[in-house]
1. Got a number for residues in the stretch 80-103 being of a type in the set (Lys, Arg), within 21 Å of Tyr9 (Cα to Cα) and out of contact with any Asp or Glu (no Cβ under 8 Å at 6 or more places or on another chain)?
2. State whether one or more residues within the stretch 163-171 are acidic (Asp, Glu), outside any helix (DSSP H, G or I) and either on the phi > 0 side of the Ramachandran plot or surrounded by fewer than 16 Cβ atoms within 10 Å (Cβ to Cβ) (or both).
3. Taking only pairs six or more apart or across chains, which ones have beta-carbon atoms under 6 Å, a first residue in the stretch 26-39 that is aromatic (Phe, Trp, Tyr), and a second residue that is modelled with pLDDT of 95 or more and in a loop (DSSP other than H, G, I, E, B)?
4. Please count how many residues of the stretch 102-151 are within 16 Å of the chain's Cα centre (by Cα) and not in a helix (DSSP H, G or I).
Amino acid sequence: MKAVIYARYSSDNQREESIEGQLRECKEYAEKNDMLIVNTYIDRALSAKTDNRPEFQRTIKDSTLGLFDIILVWKLDRFARNRYDSAYYKAQLKKNGVRVISAKETISDGPEGIILESMLEGYAEYYSAELSQKIIRGMTENALNAKFNGGCKTFGYIIDENKHFQIDPTNAPIVK
């Protein structure tokens, strides 16, 4: 069987080691299951809550060429964290004779595999939505307490050891 690997990570806070680990484990799985890896697609710092991922779209497009039978992912949440996108693209892939296989989640081909896969996809979407709520809550608390949330620093201010904004004596006169 011919396979491609699709790997991704979500944010700039993650590192290249995330991709390296996914690739290593997918390659090990492919070797154990007599799969020939013919290509690799990688999206960096892009969420799977959306299908707006260039390499993901290229993977789907390339599935029409008949060059591979399997898209191998480390876990299903690498493919999608949105149940609609997952179902939509898996239906397209099925028409092209391509299956998505998780290297770390054993999902049978029987009826029990259907329910397990839907639970894993639902959990991935839930995890993403819950994490978003927690991040927004934390950022709101930081803002209410005049704490730095990250990103570009505001000109004219410095960030102290407690992550609070303080007037920068050097640059504040320029702002005034």
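The values are calculated or read from the model by the stated rules, or taken from the named source; none is laboratory data. Remember, predicted model here, so these are calculated numbers, not experimental data. No Cβ is skipped: glycine too gets one built from the backbone with ideal geometry, and neighbour counts run over all protein chains shown.
1. Looking only at that region, the number is 1.
2. So far as the stretch 163-171 goes, no, none of its residues is acidic (Asp, Glu), outside any helix (DSSP H, G or I) and either on the phi > 0 side of the Ramachandran plot or surrounded by fewer than 16 Cβ atoms within 10 Å (Cβ to Cβ) (or both).
3. Within 6 Å, the pairs are Tyr29/Ala103.
4. 3
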